[in-house]
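**Student:** Mind having a look at this structure? Questions to follow.
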Protein chains: 2
Amino acid sequence: MNKQASGDGTVGKALDILDMVAEIGRPVRFSDLLEQSPHPKATLYRFLQTLTNQGMLKYDGERQTYSLGLRLVRLAHQAWAQSSLAPLARLHLEALAVETGETIHLAQMENGQVLFIDKCRSSNRFDTLAQAGRIAPAHCTGVGKAILAHLTPERFDRAMSHQTYLKFTSATHDTADGVMAEFDQIRAEGVAYDREEHEDGIISIAAPIFTQSGRVIGAISIVSSTSRRSLEDLTAFKPQLIETAGKIGAEASAWQFPS
Amino acid sequence: MNKQASGDGTVGKALDILDMVAEIGRPVRFSDLLEQSPHPKATLYRFLQTLTNQGMLKYDGERQTYSLGLRLVRLAHQAWAQSSLAPLARLHLEALAVETGETIHLAQMENGQVLFIDKCRSSNRFDTLAQAGRIAPAHCTGVGKAILAHLTPERFDRAMSHQTYLKFTSATHDTADGVMAEFDQIRAEGVAYDREEHEDGIISIAAPIFTQSGRVIGAISIVSSTSRRSLEDLTAFKPQLIETAGKIGAEASAWQFPS
DNA sequence: ACAAAAGTTCCAAATAATGGAACATGATAT
DNA sequence: ATATCATGTTCCATTATTTGGAACTTTTGT
């Protein structure tokens, strides 16, 4: 799923191991990692030791497994708080959640995928990293398509050239052309829809967030399930959604000038 | 605040830079980091370049500043979800928040400090003090003292030998002896109190979480402010607090055997 | 008790990191 | 406009770190 050797020397190799552990998604044994890693035994062993010493991995001596360490949680909190988008969007998301009674997502692109930065449910008031930090493919989510449709060709290629258009449901567009065919309409209408393209029964309507200079920096979406809402129901929220995205963009412009 | 050279070669040095950026807490310029870092200009420059390529840092070309990158958010989400404590504690925290009407914190020790792993509030009225991933000193917080009082001498030394007992409020115990004087009572009573020792106006009652083998693995607390509750009010919740901590510990025991 | 697998250590060779110094860029003053 | 200073970037011979095959130890399975 991730690209080839990212290069960047020893540090890059070490960080790739973190991704590997994250992707497996459960505590892993040394031998499990050894199969997947390009490194010989001794090299991998030393990396794991270093990362564990550093708190980036946690070693469970009883079960002899490695999992991701708490230092990441600490750092990510700062990353989130320093982000120019998430903290200031918070209040707007909450307002929209209350107004619609549905779940609101805030997402950005990261490395060709959609990264959920925040999530707000009207019925449920906890915040945690469990909700932020999830990733999803861009080609089959509302927020993903809302962002992709407004990228310059260069940024689009950089994001998607190494991605595969996996088919998750019968509605997923699993080719680049199939996805791009929607872009004109998304740009014209101002919102993108997810019509059960990522998960059966889950639909969403998403609006891109722009800086004042017109660059897409993220997207927000109203997410629901077919059992509760129809796509038409969500369409009714379009004005509020677009307005909220506009407000967030305006506030973010004072802060954010992405390279 | 953090210790001396952590060693661990090139990877360790690179990760130290992330901590440095996190500690500063705002986007930083190259020259700001140069002052604080032990590295010469060219070396630091290369580290920042590598970390930026890797997505651990984000470079803002317009303002020429570095901040922590989104890759950390992605990884931390997995770290949280893989953690043996946080996901399973979730429901218990929520129940306690509803029952008490106050904010509930879940915390673990990390590197001599208290790391807040999850947080649950019953109402939206107040902006929360600590979000997941936030850190605080151990010696002056309820959760910190609840954990410290039940550490073995070896684990206590490992955790606290490099910590300074900073004084935050007039109530803070700013010596090791002052903090340890409370430990007998904490162990006898089963809970620790924060009597405005970290922040004026903020109080809490905290209970340690044990595995079935009797090892402390974290703590939960009920947090309030002096304007809403007295310490006696919180004490009234002691039975529920201890019971909840017990449940979490029992469930965690099936999973967690820390090294 | 034995064999096989998994995990750990060692060290000479290979490689990547280092940092002083030169070079570029941009801001501010003259 | 030109000089001056501060900041950021590149170069490359030297140096220090990483590398990984192989030997060794421990654990697991039969």
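**Student:** Could you say which residue among A:LEU115, A:LEU68 is away from DNA strand D (no atom under 16 Å from the Cβ), in the same structural domain as A:LEU18 (by TED's automatic domain parsing) and under 19 Å from the mean Cα position of the chain (by Cα)?
**Tutor:** Of the residues listed, the single one that is away from DNA strand D (no atom under 16 Å from the Cβ), in the same structural domain as A:LEU18 (by TED's automatic domain parsing) and under 19 Å from the mean Cα position of the chain (by Cα) is A:LEU68.
**Student:** Restricting attention to the stretch A:19-35, report how many residues are away from chain B (no Cβ under 13 Å) and either surrounded by fewer than 14 Cβ atoms within 10 Å (Cβ to Cβ) or of a type in the set (A, V, I, L, M, F, W, C) (or both).
**Tutor:** Step one: list which residues in the stretch A:19-35 are away from chain B (no Cβ under 13 Å), which gives A:29-35.
Those left that are additionally either surrounded by fewer than 14 Cβ atoms within 10 Å (Cβ to Cβ) or of a type in the set (A, V, I, L, M, F, W, C) (or both): A:29-31, A:33-35.
Number satisfying all stated conditions: 6.
**Student:** Quick one: count up the residues across the stretch B:53-65 that are within 11 Å of DNA strand D (Cβ to nearest atom) and open to solvent by 40 Å² or more (accessible area, probe 1.4 Å).
**Tutor:** Residues of the stretch B:53-65 within 11 Å of DNA strand D (Cβ to nearest atom): B:59, B:61, B:63-65.
Within this subset, residues satisfying the condition of being open to solvent by 40 Å² or more (accessible area, probe 1.4 Å) are B:59, B:63-64.
Number of matching residues: 3.
**Student:** Looking at the structure I just gave you, is A:ALA188 open to solvent by 60 Å² or more (accessible area, probe 1.4 Å), of a type outside the set (D, E, K, R) and either in contact with a Pro (Cβ under 8 Å, 6 or more places away or on another chain) or under 21 Å from A:ILE242 (Cβ atoms) (or both)?
**Tutor:** Criteria met by A:ALA188.
**Student:** Quickly run through the stretch A:16-37 and pick out the residues that are touching an Asp or Glu at 6+ places or on another chain (Cβ under 9 Å) and within 11 Å of DNA strand D (Cβ to nearest atom).
**Tutor:** Selection gives A:SER37 alone.
**Student:** Something else: Working carefully through the options A:ALA81, A:ALA76, find the one that is modelled with pLDDT of 90 or more and within 13 Å of chain B (Cβ to nearest Cβ).
**Tutor:** A:ALA76
**Student:** Hey, does the stretch A:142-159 have a residue that's within 27 Å of A:ILE24 (Cα to Cα), surrounded by fewer than 19 Cβ atoms within 10 Å (Cβ to Cβ) and within 14 Å of chain B (Cβ to nearest Cβ)?
**Tutor:** Looking through the stretch A:142-159, at least one residue is within 27 Å of A:ILE24 (Cα to Cα), surrounded by fewer than 19 Cβ atoms within 10 Å (Cβ to Cβ) and within 14 Å of chain B (Cβ to nearest Cβ).
**Student:** Quick one: B:ALA89 ticks every box in (1) at pLDDT 95 or above; (2) under 25 Å from B:MET160 (Cβ atoms); (3) small (Gly, Ala, Ser) except a single one, so which number is it?
**Tutor:** The failed condition is (1).
**Student:** I'm trying to understand the selection: among the residues of the stretch B:167-205, which are among the hydrophobic types (A, V, I, L, M, F, W, C) and either outside any loop (DSSP other than H, G, I, E, B) or in contact with a His (Cβ under 8 Å, 6 or more places away or on another chain) (or both)?
**Tutor:** B:PHE168, B:ALA176, B:VAL179, B:MET180, B:ALA181, B:PHE183, B:ILE186, B:ALA188, B:ALA192, B:ILE202, B:ILE203, B:ILE205 - these are the residues of the stretch B:167-205 that are among the hydrophobic types (A, V, I, L, M, F, W, C) and either outside any loop (DSSP other than H, G, I, E, B) or in contact with a His (Cβ under 8 Å, 6 or more places away or on another chain) (or both).
**Student:** Residues that are touching a residue at least 24 places away in the same chain (Cβ under 8 Å) and within 14 Å of DNA strand C (Cβ to nearest atom): which helices (runs of 4 or more DSSP H) entirely in the stretch B:1-100 hold 3 or more of them? Walk me through how you get there before you give the answer.
**Tutor:** Numbers: elements: B:9-24, B:30-36, B:41-53, B:70-82, B:86-100.
The qualifying helices (runs of 4 or more DSSP H) are B:9-24, B:41-53.
The values are calculated or read from the model by the stated rules, or taken from the named source; none is laboratory data. All values derive from a computational prediction rather than experimental measurement. Methodologically, a virtual Cβ is constructed for each residue, glycine included, from the backbone with ideal geometry; neighbour enumeration extends over all protein chains shown. Remember, those area values only see protein heavy atoms, side chains included, never the ligands or the DNA or RNA. Shrake-Rupley method; radii C 1.70, N 1.55, O 1.52, S 1.80 Å.
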